[in-house]
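The structure appears right after this line, and notes come after that.
The values are calculated or read from the model by the stated rules, or taken from the named source; none is laboratory data. Because the structure is predicted, anything quoted here is derived from the model rather than measured. Because the Cβ atoms are built from the backbone with ideal geometry, glycine has one as well, and the counts that use them run over all protein chains shown. Areas reflect the complete protein model, heavy atoms only, side chains present, ligands, DNA and RNA absent. Shrake-Rupley method; radii C 1.70, N 1.55, O 1.52, S 1.80 Å.
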Amino acid sequence: ESFPYAVILLENEANALAFGEFCHAEQPDLKSLVYVNVATSINSGIILNGQIHRGANGRAGDIGQMHVDVLNTEGEVEDIISLESLASATSIAMEAQTAASSNIETSLVFHENGILTARDVGIAAAKGDAVAREIIERSGHLLGATLANIVNFLDPDLVLIGGPVVEVSPVFLAAIRRNILERSTSQSTQHLRIEIAPLGPEAAVLGA
């Protein structure tokens, strides 16, 4: 009522994060990047030739819905489910909660309030907890394998990973980076940078 002629623009959070990092990047010749936000779900913002790539229906970058093969102990495909069901911050926290409730020896059991977050798991992994490290590495492996396909397809200059886990756990980024480099072509990774998003959550505000 106060501003009847105001124009309100809505933007996907992952796109805003990607654009914020792009506009404030220290790399002057940066033209394309993929920003992956590992939070409650897994979404990515894609910048191509300096422009946000939204797709025909504004859904480009929803990599959390990409399918992942779940293997059994014999190495056979047991199930096919979404990436975010296995590698999001929510799934990391749930897996840690299950481990903490079992008889497995882990420091996650001694968490004060009895509620575990993905950030807690990342901190425990960074401190050397074997169970937490295994959870983080498995999630990083799955995300890195998926991102390898995206790197081969889009050939970006930069891949940025954001979210509560990567901010506290170098293990997560290392697993992602290792799988991207192992599964992508040498032409795609020759000059590719894979880093923690430097601006953190503030990038969304800057991008907006």
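Using the Cβ-Cβ distance between LEU181 and LEU48 with R0 set to 22 Å, the FRET efficiency works out to roughly 0.50.
Distances between placed amide hydrogens fall under 5 Å for HIS24 paired with no residue 5 or more residues away or on another chain. A simple rule links phi to the HN-Hα coupling: the Karplus curve 6.51 cos²θ - 1.76 cosθ + 1.60 with θ = phi - 60°, which for region 60-70 gives 4, x, 7, 6, x, 8, 5, 8, 10, 7, 9 Hz, with x for Gly and Pro.
On average, how much accessible surface per residue is there in region 147-208, in Å², for a 1.4 Å probe, leaving out ligands, DNA and RNA? Mind dumping the intermediate values first?
Values: 3060 Å² over 62 residues.
Roughly 49 Å² per residue, with all protein chains present.
DSSP assigns beta bridges within the chain; of those with both partners inside it, close to 60 percent run antiparallel.
Leaving ligands, DNA and RNA out of it, report the carbon-plus-sulfur percent of the accessible area of the chain at a 1.4 Å probe. Don't skip to the end; give the middle numbers.
On the way: 6140 of 11760 Å².
Here carbon and sulfur together make up 52 percent of the probe-accessible area.
Taken per residue, the accessible surface of region 40-86 reaches 63 Å², heavy atoms only and a 1.4 Å probe.
Please give the net charge around GLY207, taking every other residue with its beta carbon less than 11 angstrom from that of GLY207, where Lys and Arg add +1 and Asp and Glu add -1. Every neighbour counted, the sum reads -4.
Taken over region 1-153, the ratio of Cα radius of gyration to 2.2 N^0.38 Å equals 1.28. What the phi angles of region 129-142 give under the Karplus curve with 6.51, -1.76 and 1.60, with θ = phi - 60°, is a coupling list of 5, 5, 5, 4, 5, 5, 5, 5, 5, 5, 5, x, 4, 5 Hz, glycine and proline written as x.
Taking the square roots of 5 times each eigenvalue of the Cα gyration tensor of region 68-208, largest first, gives ellipsoid semi-axes of 27, 20, 13 Å.
Computed 3J(HN,Hα) for region 33-48, one whole-Hz value per residue from the Karplus formula 6.51 cos²θ - 1.76 cosθ + 1.60 where θ = phi - 60°, is 8, 10, 9, 10, 9, 9, 9, 3, 10, 10, 10, 9, x, 10, 10, 10, glycine and proline marked x.
Taking the convex hull of the alpha carbon atoms in region 1-72, what volume per residue do you get, in Å³? Don't skip to the end; give the middle numbers.
Details: hull volume 12.8 nm³, N = 72.
For region 1-72, the hull spanned by Cα atoms encloses 178 Å³ per residue.
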